[in-house]
Amino acid sequence: MLVEEIMNTSVPTLTPTHTINDALLLLKAKRIRHIPIINANKEILGVVTDRDLKKATPSTLLNSNNPEVYELPLEKIMTKNPIVGHPLDFLEETATIFYDNRIGCLPIVSQGKLVGMITESDLLYKFIELTGAHQPGSQIEVRVPNKTGVLFEVSKVFYEQKVNVLSVLVYPDKANEDYKILVLRVKTMNPLKLIEALQADDFEVLWPNHPGKIL
């Protein structure tokens, strides 16, 4: 999946000469937490976040009356030269950028101009979609040998049981590198027959591991 498939292309922006008060008003009006700072040519110059604004403004717990703070230009507090992405970047690689750099948003740039943005919330929601967790169903975990064709063998069981698979995730088995863990989201609220069919074909079902625990 590419970044352009999930990025927000209607991105509220400000310029370096806009004030802290302008940013506060925009965050409240748009219910956002990140504002790209651009110039007249839509080139990305920086990013201002709700955290930046909290650090720059007086706490409501203090008896401080300094209205001049709210008139400071954003260039004083923005993060300059932010990390950026491209619309054709792969989503998996982009998620790694978020994790490695501990960032909350990523401006998306093409031909030197801002064309969109994605946030950590966008990534989280897409992960929920990819796992099928937002759809009614059941989750099954199966330990399988790390060999060619094993996913096809497991899929045959689902086909024979006429159960639709909503998503499949593959994890390494931390206890034994010769095995993998398949996490499957299936479109049924009672997967008992499916579990029995998997076990009948000698697949090790890790979850649910007892009929009384089926969710």
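The values are calculated or read from the model by the stated rules, or taken from the named source; none is laboratory data. Since the model is a prediction, treat every value here as computed from it, not as a measurement. For neighbour counting, all protein chains shown are included, and Cβ atoms are generated from backbone atoms with ideal geometry for every residue, glycine included. Accessible surface areas use protein heavy atoms only, side chains included; no ligands, DNA or RNA. Shrake-Rupley method; radii C 1.70, N 1.55, O 1.52, S 1.80 Å.
Every condition in (1) under 30 Å from HIS34 (Cα atoms); (2) more than 27 Å from the chain's Cα centre (by Cα) is met by GLY132 except one, and the failing one is (2).
Within region 189-198, none of the residues are open to solvent by 80 Å² or more (accessible area, probe 1.4 Å) and either in contact with an Asp or Glu (Cβ under 9 Å, 6 or more places away or on another chain) or under 23 Å from MET1 (Cα atoms) (or both). Note on region 85-105: residues that are among the acidic types (Asp, Glu), within 24 Å of ILE35 (Cβ to Cβ) and either open to solvent by 70 Å² or more (accessible area, probe 1.4 Å) or in a strand (DSSP E or B) (or both) total 1. Residues that are among the β-branched types (Val, Ile, Thr) and open to solvent by less than 20 Å² (accessible area, probe 1.4 Å) within region 106-130 comprise ILE108, ILE118, listed in sequence order. Does THR19 fit the bill of being open to solvent by less than 60 Å² (accessible area, probe 1.4 Å), in contact (Cβ under 8 Å) with a residue 12 or more places away in the chain and either touching a helix residue (DSSP H, G or I) at 6+ places or on another chain (Cβ under 7 Å) or more than 25 Å from LEU124 (Cα to Cα) (or both)? Here the answer is yes, as THR19 does meet what is asked. Screening the candidates SER110, SER155 for the property of being under 30 Å from ASP52 (Cα atoms) and out of contact with any Ser or Thr (no Cβ under 8 Å at 6 or more places or on another chain) yields one hit, SER110. There is no residue in region 111-134 that is free of Cβ contacts under 8 Å to residues at least 24 places away in the same chain, in contact with a strand residue (DSSP E or B) (Cβ under 9 Å, 6 or more places away or on another chain), in a helix (DSSP H, G or I) and more than 28 Å from PRO87 (Cβ to Cβ).
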